[in-house]
Amino acid sequence: MRFMETTLPYRGRFAPSPTGPLHFGSLAAALGSYLDARASGGEWLVRIDDLDLPRVMPGAADDILRTLEAFGFEWDGEIVHQSRRNEHYRAALAELEQLGAVYPCACTRKEIADSLVGRDGATIYPGTCRAGLAPGKTPRALRLRVAEALLEFSDAIQGRVSQRLAQEVGDFVIRRADGLFAYQLATVVDDAAQGVTHVVRGSDLLDSTPRQIYLQRLLGLPVPHYAHLPVAVNAQGEKLGKQTLAPAVSAVRPVLVLQQVMRFLGQAVPQELIEADLPAFWRWAAANWRRDAVPPARTLTIE
Ligand code: GLU
């Protein structure tokens, strides 16, 4: 399957979900996307992915932004909030409906619980409602009908990625049973609306990327370049996030923390930099960032 990759100048972004404070893993995604943009003379946007209202923690978005500032990140343009962009997601949904690519699904989580599970841990939808709802069933979510195709793309860090969407993911949800638009659709709509040319983010989203490219093709949107950073996991192999009670990063000694993140991302940090202040650190980091030094691993263990 072929698609057109974007050829615009560099515009990157960091799109945290405000489900808690910034932790080591999200700081790594912030730093990786920031330096990759700055090292290319590009812009860097911040978007608050606050669409999943049940998971949003009050105050977390502000807390994340203040923490980014305390670490010396400087973003371009206005902050975009997904929670205020429903009309755009609705318009994209209408386009997909026009293409006949959307159908209502009545399945509850429980009803598909014994289906196979994909690489990202989500259930592979068995297609129960594809040909229409069984009599008496009430529509819940909306799903995208996925065609048989091998989706391939070249990730700037992880290398060649290929996925058979129909077999490995199945028809996926674009509007959830609770009426909220799904992450996959919102991300694709926003990345295009914001003119994002380069998506640098954690590898926990690597398996979502073929879904996003599939949506971009259906909606006639440009496909950004993708680079997926390793995700920090603990000794048990669990992603450091809210579930594992990853501690919030402290900006009391910001340069020290940023250096740890740089090392985590495979960058050689000179000893002298320990003494640097924030502006000096960022000057050095933007001039010395090497994307090709980032380990092509989905996860890396930190103590
Ligand atoms: N909001 C997502 C997260 O915090 C990231 C979305 C993306 O980068 O596409 O995991």
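For the reader, a short list of remarks on this structure follows.
- Among the residues making up the range 269-303, those that are under 26 Å from the mean Cα position of the chain (by Cα) and in a loop (DSSP other than H, G, I, E, B) are W289, R290, V294, P295, P296, A297, R298, I302, E303.
- Verdict on V200 being assigned to a loop (DSSP other than H, G, I, E, B), crowded, with 19+ Cβ neighbours inside 10 Å and at pLDDT 95 or above: no
- The residues in the range 279-301 that are open to solvent by 40 Å² or more (accessible area, probe 1.4 Å) and not aromatic (F, W, Y) can be counted, and the count is 12.
- Criterion violated by G195 - all others in (1) within 14 Å of the ligand (Cβ to nearest atom); (2) within 14 Å of F14 (Cα to Cα); (3) surrounded by fewer than 21 Cβ atoms within 10 Å (Cβ to Cβ) satisfied: (1)
- In the range 112-138, the residues that are surrounded by fewer than 10 Cβ atoms within 10 Å (Cβ to Cβ) reach residues that are at pLDDT 90 or above and not in a helix (DSSP H, G or I) with C-beta atoms within less than 7 angstrom, at least six apart or across chains, in these pairs: T138/A106.
- Residue within the range 174-184 that is open to solvent by less than 40 Å² (accessible area, probe 1.4 Å) and assigned to a helix (DSSP H, G or I) present: yes
- Residue list for the range 203-233, filter: open to solvent by less than 30 Å² (accessible area, probe 1.4 Å) and outside any helix (DSSP H, G or I): V223, P224, Y226, A227, H228, L229, P230, V231, A232, V233
The values are calculated or read from the model by the stated rules, or taken from the named source; none is laboratory data. Owing to the predicted nature of the structure, the values given are computational and were not obtained by experimental measurement. Because the Cβ atoms are built from the backbone with ideal geometry, glycine has one as well, and the counts that use them run over all protein chains shown. Note: accessible area is taken over every heavy atom of the protein model, side chains too, but ligands, DNA and RNA are not part of it. Shrake-Rupley method; radii C 1.70, N 1.55, O 1.52, S 1.80 Å.
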